[in-house]
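Following: one structure in structure tokens, then a few remarks.
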Ligand SMILES: [Zn+2]
């Protein structure tokens with residue numbers, strides 16, 4: 001347990017914990033160390049490597065000024081002068097503890113013994129202070145100069161201290177600036193590396209997307225048209241429909257209206273709306289006398305999904321009665337009729353159940 005080496009002092013670490021009291025190790029300078037040992041007034045040997053002396057035994061002048069702390073307005077470090085020697089409370093009677101005890105009991109003036117002890121204590125205290133100051137004057141040449149009263153010396157001393165402090169601060173600032181510059185460079189290189197990485201990631205993502213789209217379109221090509229696949233992969237608000245899409249959709253619509261709506265709205269298959277089909281049929285689907293090219297185109301797209309047997313077909317000729325009234329074609333600005341019959345060339349399947357008119361001519365008997 002580290003404690004104070006002064007014979008009369010009973011202070012030790014645990015006892016003075018929480019107070020401002022600190023413990024100083026013995027100085028390295030031999031002559032000053034000897035003075036410390038003498039001041040401790042011990043008969044036994046002191047192990048100067050471990051021994052300490054508490055701050056009770058030092059004068060405020062024994063400590064160096066902490067200019068940095070004063071400048072920064074923080075708690076100063078208690079650093080002893082090189083030549084400082086313990087000078088206070090060294091005798092048994094001048095122990096600070098004893099002093100306190102006697103001072104606290106001094107409220108009993110009736111007791112003559114206590115009054116005497118009080119006086120003695122004061123006298124001893126005065127003596128020890130005087131001795132300490134005298135020793136300080138003789139031992140510390142710097143202090144001696146100071147006490148002699150050369151104010152200019154002390155000013156230049158503090159100026160030197162301040163200059164040294166400023167130099168140190170400037171050095172620190174320069175060091176920090178160089179460090180900051182290094183960090184800036186590092187940051188720049190890291191940002192570059194990051195942008196390169198993110199570009200690479202973006203490229204990889206694009207490649208993956210392209211491959212996925214290719215694979216998906218290969219799988220879906222059997223069911224959907226190219227345009228439908230495009231609409232599936234990139235959902236547009238108003239997709240553009242091709243002639244092939246419309247003709248396929250018309251085939252599906254002709255099978256079942258309910259099924260068409262279900263597939264379009266509930267399953268989410270990209271199909272043109274019913275209104276678009278109606279518009280297309282009324283505007284684009286030509287069914288005028290002659291070869292029915294729109295029908296042939298529809299058959300072309302439809303036949304892609306048929307087997308060889310289903311494709312086997314024959315041409316047949318048919319005659320149908322038609323409305324004999326005269327009609328006006330607004331698009332062509334042409335009057336049709338009067339006709340009584342339509343001569344139709346049909347394509348009929350041999351092994352499956354489908355037929356389609358491909359040629360039409362209107363006659364009048
Ligand atoms: Zn002590």
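Determine if the range 143-157 includes at least one residue that is over 29 Å from residue 273 (Cβ atoms), surrounded by 10 or more Cβ atoms within 10 Å (Cβ to Cβ), at pLDDT 80 or above and under 26 Å from the mean Cα position of the chain (by Cα).
Looking for residues that are over 29 Å from residue 273 (Cβ atoms), surrounded by 10 or more Cβ atoms within 10 Å (Cβ to Cβ), at pLDDT 80 or above and under 26 Å from the mean Cα position of the chain (by Cα), one finds none in the range 143-157, hence no.
Identify, by number, the condition in (1) over 30 Å from residue 296 (Cβ atoms); (2) modelled with pLDDT under 90 that residue 195 doesn't meet.
(2)
The conditions are (1) over 30 Å from residue 250 (Cβ atoms); (2) in contact with a helix residue (DSSP H, G or I) (Cβ under 8 Å, 6 or more places away or on another chain), and residue 217 fails exactly one of them. Which is it?
Just one mismatch for residue 217, condition (1).
Taking the range 311-347 on its own, how many of its residues are under 25 Å from residue 284 (Cα atoms) and part of a strand (DSSP E or B)?
14
Name the residues in the range 1-60 that are in contact with a strand residue (DSSP E or B) (Cβ under 9 Å, 6 or more places away or on another chain), away from the ligand (no atom under 15 Å from the Cβ) and in contact (Cβ under 8 Å) with a residue 60 or more places away in the chain, would you?
Answer for the range 1-60, where residues must be in contact with a strand residue (DSSP E or B) (Cβ under 9 Å, 6 or more places away or on another chain), away from the ligand (no atom under 15 Å from the Cβ) and in contact (Cβ under 8 Å) with a residue 60 or more places away in the chain: there is none.
The values are calculated or read from the model by the stated rules, or taken from the named source; none is laboratory data. Everything quoted here is computed from the prediction, not taken from an experiment. Positions of Cβ are backbone-derived with ideal geometry, glycine not excepted, and every protein chain shown enters the neighbour counts.
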